[in-house]
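Input: a single structure, listed below in structure tokens.
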Amino acid sequence: RLPPHYDDSGFRNLLTCPVCSSPETIPIVYGLLSEDLIREANERAIALGGCVISDDSPSWKCRACDHQW
């Protein structure tokens, strides 16, 4: 199963930010950290959301304006 930020064909979904319309959006990943997740966060490929997730936790972050949705 592919992570939620990939479509069924394996290509990354490129969403645009609803605030600034930038395509510089990245998924927010929740849960325990691994070396791979830390590396991806340092490369700004993902945003770390912490260990606790709720129904209203955001799934995406804009790298241009820091908006989360």
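Computed from the coordinates by the stated procedures, all read-outs in this text should not be read as laboratory data. Note that the structure is predicted; figures quoted are calculated from it, not measured. Quick reminder, even Gly has a Cβ in these numbers, built from the backbone with ideal geometry, and neighbours come from all protein chains shown.
Across the range 23-69, the relative contact order, built from alpha-carbon pairs under 8 Å that are at least six residues apart, equals 47 percent. Every pair of different Cα atoms in the range 29-69 enters the Kirkwood calculation, which places the hydrodynamic radius at 10.8 Å.
Taking the average, over residues, of other Cβ atoms within 10 Å as the packing measure, peptides 44-51, 59-66, 24-31 rank 24-31, 59-66, 44-51 from highest down.
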